[in-house]
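Notes for the one structure printed next.
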Amino acid sequence: MSTHGGESGQWRRYRHAAGVVVPALLVVLALWLWGRTPSSSSLAADGPRPATPVADRSATPFPTVPPVGAAPVTPSSTPAAAPTATPTATPSTTASEPDGTGGTGGTGGTGDAGGTGLGAGRSEPGIRLDATTATDGAVTVTERVRLVSAVDVLRLAVPNLTAGGPAFAAARPGVRDLRVTVGGRDVPLAASGADGLQLVALPASTTAYELRYVLTGATVRSVPSRPGRALTGLAPLSRPEAGTPVVVATTGSAVLNLTCPLLADAEDVTCSDGIRGRMTVRAPLPDDAALVVLQVELAGSG
């Protein structure tokens with residue numbers, strides 16, 4: 001009985017020890033597992049991690065085995081820069097606006113040049129003379145006038161060319177085939193020619209009108225000079241209010257150069273702009289200095 005009782009007491013002690021040790025081990029295991037598992041806050045802070053890019057094997061060159069005795073070839077780790085494409089300049093497709101006289105506006109032509117005042121008589125107040133000089137010395141003129149204030153009577157006068165220089169001392173300019181139009185309609189005239197002052201009554205007041213005529217007796221031989229060279233004096237017929245600017249433009253290969261002898265500054269006397277066949281004054285002329293001398297080459301000059 002004593003032996004059985006001793007064994008029972010020993011078994012109870014084992015069971016007691018196991019009841020203490022096993023729970024302790026389970027607690028330790030649970031703590032270890034809890035430490036190994038990432039918390040939800042840690043996952044939220046770190047966020048999703050980007051995937052590791054996989055190297056493009058197609059872009060990786062195979063190693064090159066050098067020939068026996070040759071120095072090993074080390075491929076460059078820096079890729080060659082791609083050539084930079086140079087953009088091709090696109091030519092402008094904007095065409096110059098025709099000015100109504102067969103040319104285009106701007107320097108070197110006979111059209112209006114924006115901002116330079118060369119629109120006088122057309123888009124701005126003033127007088128514009130478009131003259132074509134033939135090789136026989138005849139000058140066909142279109143004179144466009146635009147005024148600030150309306151008028152019902154036009155004062156027209158053949159210009160006095162003597163201020164153009166000694167060569168014009170004996171000049172006797174005149175006008176033939178005169179036409180006056182307002183709004184595209186002809187105005188009746190007492191005579192189509194004139195060699196002095198002429199008053200033209202208009203059917204109604206206007207601020208714009210146009211004259212067409214042939215200027216005669218205004219071309220004189222240039223002496224001394226080579227044969228065929230001559231000078232032509234040109235000034236407007238219209239006599240509007242003082243201060244009206246004047247623009248002169250010429251066409252025809254007979255015209256070689258333009259001068260403005262009445263301008264005060266000597267540097268401005270040679271006042272031509274453009275090329276042979278299409279010339280104009282560089283800037284509008286004051287009405288009291290609106291005399292232009294054309295250097296022309298007549299037929300038979302060789």
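The values are calculated or read from the model by the stated rules, or taken from the named source; none is laboratory data. Keep in mind that this is a model prediction, so the values were computed, not measured. Neighbour counts are summed over all protein chains in view; Cβ atoms, including those assigned to glycine, are modelled from backbone coordinates with ideal geometry. Ligands, DNA and RNA are stripped out before the accessible areas are found, and what is left, the full protein with its side chains, is counted by its heavy atoms. Shrake-Rupley method; radii C 1.70, N 1.55, O 1.52, S 1.80 Å.
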Task: Solvent exposure of region 206-278 as accessible area per residue, Å², 1.4 Å probe - done: 43
Task: Shape call, region 168-285: gyration tensor on alpha carbons, a/c limit 1.5 - done: prolate
Task: Residue-level accessible surface for Ser123, protein heavy atoms, 1.4 Å, Å² - done: 80
Open item on the list: If a paramagnetic tag sat 7 Å from the Cα of Thr135 along the Cα-Cβ line, which residues of region 207-237 would have the backbone N under 16 Å from that point?
Closed with: 227-230
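If you take every residue apart from Leu147 with its C-beta less than 15 Å away from the C-beta of Leu147, what net charge results, scoring Lys and Arg +1 and Asp and Glu -1?
Values: positive: Arg122, Arg128, Arg144, Arg146, Arg155, Arg239; negative: Glu124, Glu143, Asp152, Glu210, Glu241, Asp287.
Within the 15 Å Cβ shell, the charges total 0.
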TODO: With θ set to phi - 60°, apply the Karplus curve 6.51 cos²θ - 1.76 cosθ + 1.60 along region 265-281 and write out the HN-Hα couplings as whole Hz, x wherever there is a Gly or Pro.
DONE: 7, 4, 5, 8, 4, 7, 10, 7, 9, x, 10, 4, x, 8, 10, 8, 6
TODO: Give me the percent of the accessible area of region 190-302 that comes from carbon and sulfur atoms, probe 1.4 Å, all protein chains in place.
DONE: 53
